[in-house]
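Written below as structure tokens is the structure these notes are about.
Derivation of every value follows stated rules applied to the coordinates shown; laboratory data play no part. Being a predicted model, the structure only gives us computed values, none of them experimental. Every residue, glycine as well, gets a Cβ built from its backbone with ideal geometry; the counts of neighbours run over all protein chains shown.
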Amino acid sequence: MNVIEKLGSCGVIPVVVIEHAEDAVPAAKALLAGGVDVMEITFRTAAAKDSIRAVAENVPEMLVGAGTVLNLEQCKTAVEAGAKFIVSPGFDKRTVEYCAANGIAVTPGCVTPTEIMEAIGCGLQIVKFFPANVYGGLSAMKALSGPFVGLKFIPTGGVNAENLKEYAAAPYVYAVGGSWMCKKDDIASHNFEKITFLCAEAKKIFEENRR
Ligand code: 3PG
């Protein structure tokens, strides 16, 4: 299974914000205990790079990637630290072209036909759809999947345990992303049991409803 296939196989991708790199390994283990073996650590904190490295080096069962990657420099930093996939909130051509040229899995945020066409032009068939709840959610993705045959989305932003069932059941949804399974506050307070519970719940809902 390649990296993109692993994201699809897991189905739920926790968007993780870590303030202290020493929390990264316990957080990764909490996700694994809930059956979630992919983890997007976001470049929103100074601890992102060290957190990615800690998980890549110490938790081999976890497929760790970098999120909130805004430019090529961050992308290179993330890959050097051990990130196996790159997620961006939007479409940055230099980052996507670099990943495509170097065999690195990348899911840029694309919500317009023009952005999707750019992504397809770079060889992608899976894109992030962010913020999903603001840009039209399922009805927008359904409309976009008409002309873009074979394209699938990873909706992120506003996805949670309550609406996950509808997202999972949509044939044009490849996987979903979100922060609800592994909240910043739960990491900070070391509430790892709650993280495990929320991951297991999300996994169950996704598995029971996926197409
Ligand atoms: C992201 O970066 O993908 C989002 O912050 C996740 O959105 P959520 O917090 O609504 O899940």
### Summary
With DSSP loop assignment and no more than 15 other C-beta atoms within 10 Å, the GluC sites (Glu not before Pro) in segment 117-211 are E162
### Message
Which residues among segment 176-211 fall inside the zone where the amide N is under 17 Å from a point 7 Å beyond the Cα of H20, along Cα→Cβ?
### Response
183-193
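Pairwise over distinct Cα atoms, reciprocal of the mean inverse distance: report the Kirkwood radius of segment 66-211 in Å, one decimal place.
On the way: mean 1/r = 0.0628 Å⁻¹.
In segment 66-211 this quantity evaluates to 15.9 Å.
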### Query
So which GluC sites (Glu not before Pro) in segment 1-96 pass both tests, a DSSP loop state and at most 12 other Cβ atoms within 10 Å of the Cβ?
E61
### Task
With springs only between Cα atoms under 10 Å apart, run a GNM on the chain and tell me which of C75, C99, C199 wobbles the most.
C99
#### Entry: Between segment 141-165 and segment 52-95, the Cα center-to-center distance that results, in Å
23 Å
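Divide by every residue of the chain the summed helix terms, -39500 (n - 2.57) for each DSSP H run of at least 4, and state the resulting mean residue ellipticity at 222 nm, rounded to the nearest 500 deg cm²/dmol. If you can, show how the numbers build up before the last one.
Details: 10 runs with 96 residues, N = 211.
It lands at -13000 deg cm²/dmol.
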